[in-house]
Each structure stands twice: as C-alpha cells, then as structure tokens.
Amino acid sequence: MKIISETFVLFTISLLLMTAGCSTLAGSSPESTPTPEPTVTEIPTPEPVVTETPTPTPTETETQTPEHTPMETESDLLAERRQKYAAFNETYRFLLRDTGTEVMILDSQAYPKNETYHLTYQLNASMNHSEKVAIRRDVAISYIVVADSWNTDEYPDKDHTWLPDTVCLTGVTSDGTVYGHNYIRYNWAFKYNEGLWSSLVYMGHYGGTLEKGPADPDYGSNETGADPDYPEPYDSVCRGT
C-alpha cells in the first residue's frame, strides 16, 4: 500500500507537472503573425504646367511728334511788358522828382499793346518861359538817363524791352488845361547814348514833336514844325489802347 501510495503520489506530481506545463503553454499567447505595414505609395506631385504667355505682337504706334515749346501768346507778352513798364514808371518818376526843377507829376499810364507810356505833368501859368523850357528839358533828359543805365552792365537783367518805345508827355496847367504835347522815341535816346547824336539833335527831335495846347499863348500858330524823321502827330503816335 505504501508502494501504491508513493507511486500514486509520484503519478500525481508528474501529472501536476505536465498539467502545469500545458497550462503554461496554453496561457502563453501564440506567436502572432506580424501584420504587414501598409505600403504607402507616394503619388508624385505633378509639376505645374507653365503655360507660356504668348508675346503680344507689337502694334504699330504712331510716330511721336516732338513736343514743341509753347509759343508766347499775345496776352503773355502784354503781361510781361506791363510788369517791365511798371518798373520803368517807378524809376522814371523818381528821377523826375529828383531833378532841379522837381517836376510835378500828375498822372502816368503805360499801354503795353502799342508800347507807349503816357505821363502828365504840371506847368503853371505863373511860370516864365525859361522855367517851362527847363521842365520840358528835364522830362526829356530823364528818359535818356534810364535808357542809358538799363543798357549797361550795371543792370544785366534789363535791356531795351524794359523801356517803352514811345514816351508821350502832356503838360497841363493847374486847372487841367493842356499847355502842350511832346513825345520821345527810344531810338533817339539810344542814338544819343551811343554818341551818334548830339544833345542838340536829340532835343531838336523832341522839340519838333510839340503840339501846343489852349493854355499856350502861341496856341494856333505855325511856328513849331513837324519833326522831319517822325512827322506823325501826337494823337496818332500816342493813342492809348
């Protein structure tokens, strides 16, 4: 019995060991087949299709006409003259007030369109002949002075275009009665300043334009002849426009 018991025990132990081995095997996870990783097929990014922009066929263009410098209009010219004559007026009046006779100026006006300048000054009835002659002389000489100065290097920005071509002069009495009219041409002053004319010739031309007015005692006489070079009467030369 003892032997059977030992044998039984040994059998039982063996059975337990076998059962344990199977149990161990049964409990262990069977070796799993590795799941294959999915193959990622890279789809190539399509290169952008470059569509060539067709070069436009150049159209025929009109021949460009060179730009012309805009021509000076008459209004521009008159505006420029007006500014220049205003400068002349200021200088001329200053000289007349600064003469020995202190010419009394009553009015002055420039007319750029016909390049004239008009000045009215006073000659009193109480003045004797010599005083009146002196005033008329100063009026004529003062124009020479301006013309001479503005045609020199002293005033490089000025030239003959700053001077009215004709200076029209009217002497009146204190009550406004016309004593006489005279006029001066620029080219007379130019010839004098260049030494081509003497003072006698210059003053002779100036005096030859005299038209006596009602205030002159000799009004209506024929003593004053017309200037041989410029016989136009005062009204035709000095009309204001």
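Before moving on, here are some points about what is shown:
- Take segment 134-225 with all the other protein chains still there, run a 1.4 Å probe, and you get 47 Å² of accessible area per residue.
- Among the listed pairs 132/212; 84/113; 132/158, those beyond 23 Å (Cα-Cα): 132/158
- Portion, in percent, of the accessible area of segment 72-212 that falls on carbon or sulfur, probe 1.4 Å: 49
- Each DSSP beta bridge with both residues in segment 91-241 is either parallel or antiparallel, and the antiparallel ones are about 70%.
- Note on residue 232 and residue 198: the model spin-label points, each 7 Å out from Cα along the C-beta direction, lie 2.9 nm apart.
- Unit Cα scatterers, Debye sum, segment 72-229: log10 I(q)/I(0) for q = 0.16 Å⁻¹: -0.93
The values are calculated or read from the model by the stated rules, or taken from the named source; none is laboratory data. This is a predicted model, so every value here is computed, not measured. Cβ coordinates were reconstructed from backbone atoms using ideal geometry, including for glycine residues, and neighbour counts include every protein chain displayed. Ligands, DNA and RNA are excluded from the accessible area calculation, which covers all protein heavy atoms including side chains. Shrake-Rupley method; radii C 1.70, N 1.55, O 1.52, S 1.80 Å.
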